[in-house]
């Protein structure tokens, strides 16, 4: 029996020797590669956090001591050693455990997190609550260096340093977030790592001063020691950011040396005030394909564990993301005013094509969606054509900026919204099912959604040419229904105009985006049962094609709307509001995402479960008509 089979809780680590912990780390890496090669998931970041996780659970007593992880990209090992070793085989599978932290999954998951940058704020709240209750357990926040590009994390750092409360921040520095890190902070950490002279001196000073009784340290001696330390800091690194903010900074340490980590975590465990422990890790550690290509292995589907290559797929259709990225590149080649903006997701959004060919028309702001949106506004003020390309779930973080900085000023910012709808295995933290609702309520905003890759290309052109205010288009995390003709010159879509796809029938189906083709398929299947349905691709959530909808609704016996978005406030709500304003009272059914968070699983399975595949849409329409007519 290996060591992994003996570990059912963090307590089981505490009797192991350093050599045994290192062997356990190797076993965990092999186990993760075995499982993730079948299930897919966040491979590289979790391989880089093995020793760090073991050391944290060895030194601290979870869940009494609160370990608060930033997102789940570094928490797979945490899951494995906190009683979920066998369940880990089901990670990201329908009915299995989540790929992210989840409070109802384990008492060791103190704070649920799927978006980066939350751990420091959550930890600060936990620390304040601990002190208000008069308790004395430890609080440790584990953040990646990429998370410190998030404004929320910097806001938390500011307050933590001001309040001076006892807590430990582990800065897991692998020089990457999802893709390569950007920004001044990333450069700062790199310079810290390359300053061994400063680090050795600081260690010596701390050790010496820590051993001397305070009565022997005069104010003058303290002041001299401080000035010597700061002088060397300014010589070796560009700033003393953390210590000036009120933190004790320790490190950087090798994040793969378990003994070193345990020794230093024990050393800082009982220090007063906030302490930052800086550890250097290698993303993909121990698995050569992931170490060589950490960007690709950040998150991926099933792969060959021997070679690291993705398993061959029979379906060669491109994803919407690829169609978007390549089409935008085609426009950007001809129009130097086009600027593509990503928030640390060039590969995930398809902007890697522009990044690699037209770097002067590409901006990566790091994990900073709010900044990305307002930056786009600044570009628009000066006549540029910014494309803020952000996942739907992450764009939620910039809701105020969309309203205040963009829409209020009618700035022509183009929002390319990837992962609209159900995203699959990443689950409820990443499902993009609210954007149609939160965007359509905003004045001056145009919102559209393509039914296929060809229409996506047309909508990109529409966005390029539109200059009257903000415009958004959302598309799913999926393959396009059929291969688009990338040589075709895209055509602009008339703003606010829908399209009739199936013209017969007195039952009207209004569908939007990825739900158009399944609705058409459902209508065709119902036609075989004698139910004739007229299907319209609305194309726009805002403005609605009021003329078309009212004309067709006036003669329809029943009206059905279909969307891959929350029903509350979404496309169907917009249609109902229009009908009500004109006094049209017809039996109406809204089909969409119900008022609950949808769990993780394959996208096709989830669509079936919520009734948004062709069969589910047909069944809903059939049952509704039986009762309504």
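The single condition among (1) at pLDDT below 90; (2) at negative phi that residue 86 does not satisfy is (1).
When residue 366 is tested against (1) within 20 Å of the chain's Cα centre (by Cα); (2) assigned to a helix (DSSP H, G or I), just one condition goes unmet, and that condition is (2).
For the range 7-42, taking the residues that are without any contact (Cβ under 8 Å) to a residue 60 or more places away in the chain and outside any helix (DSSP H, G or I), the one that is surrounded by the most Cβ atoms within 10 Å (Cβ to Cβ) is identified as 16.
Quick check on residue 348: is it touching a residue at least 40 places away in the same chain (Cβ under 8 Å) and at negative phi? Against the criterion (touching a residue at least 40 places away in the same chain (Cβ under 8 Å) and at negative phi), residue 348 qualifies.
In the range 62-169, counting only helices (runs of 4 or more DSSP H) that sit wholly within it, the ones holding 2 or more residues that are assigned by TED's automatic domain parsing to the domain that holds residue 245 and within 20 Å of the chain's Cα centre (by Cα) span 119-133, 151-163.
The single condition among (1) at pLDDT 85 or above; (2) surrounded by 21 or more Cβ atoms within 10 Å (Cβ to Cβ) that residue 297 does not satisfy is (1). What about residue 588, is it free of Cβ contacts under 8 Å to residues at least 60 places away in the same chain, under 18 Å from residue 420 (Cβ atoms) and touching a strand residue (DSSP E or B) at 6+ places or on another chain (Cβ under 8 Å)? Criteria not met by residue 588. The residues in the range 92-121 that are in contact with a strand residue (DSSP E or B) (Cβ under 9 Å, 6 or more places away or on another chain), free of Cβ contacts under 8 Å to residues at least 60 places away in the same chain and more than 26 Å from residue 370 (Cβ to Cβ) can be counted, and the count is 1.
It is to be established whether one or more residues within the range 313-320 are closer than 25 Å to residue 438 by Cα, touching a helix residue (DSSP H, G or I) at 6+ places or on another chain (Cβ under 8 Å) and buried (at least 22 other Cβ atoms within 10 Å of the Cβ). Yes, the range 313-320 contains at least one residue that is closer than 25 Å to residue 438 by Cα, touching a helix residue (DSSP H, G or I) at 6+ places or on another chain (Cβ under 8 Å) and buried (at least 22 other Cβ atoms within 10 Å of the Cβ). Scanning the range 525-572 for residues that are part of a helix (DSSP H, G or I) and within 20 Å of residue 607 (Cβ to Cβ) gives 525, 526, 571, 572. Quick one: residue 525 ticks every box in (1) touching a helix residue (DSSP H, G or I) at 6+ places or on another chain (Cβ under 8 Å); (2) in contact (Cβ under 8 Å) with a residue 40 or more places away in the chain; (3) assigned by TED's automatic domain parsing to the domain that holds residue 374 bar one, so which box is it? All conditions pass for residue 525, except number (3). Restricting the range 274-290 to residues that are outside any strand (DSSP E or B) and touching a residue at least 60 places away in the same chain (Cβ under 8 Å), the residue that is nearest to residue 252 (Cα to Cα) is 281. Here is the figure for the range 580-601: residues that are over 13 Å from residue 431 (Cβ atoms) and either assigned to a loop (DSSP other than H, G, I, E, B) or within 37 Å of the chain's Cα centre (by Cα) (or both) total 11.
The values are calculated or read from the model by the stated rules, or taken from the named source; none is laboratory data. Computed from a predicted structure; not experimentally measured. Positions of Cβ are generated from backbone atoms using ideal geometry, with glycine treated the same way; all protein chains shown enter the neighbour counts.
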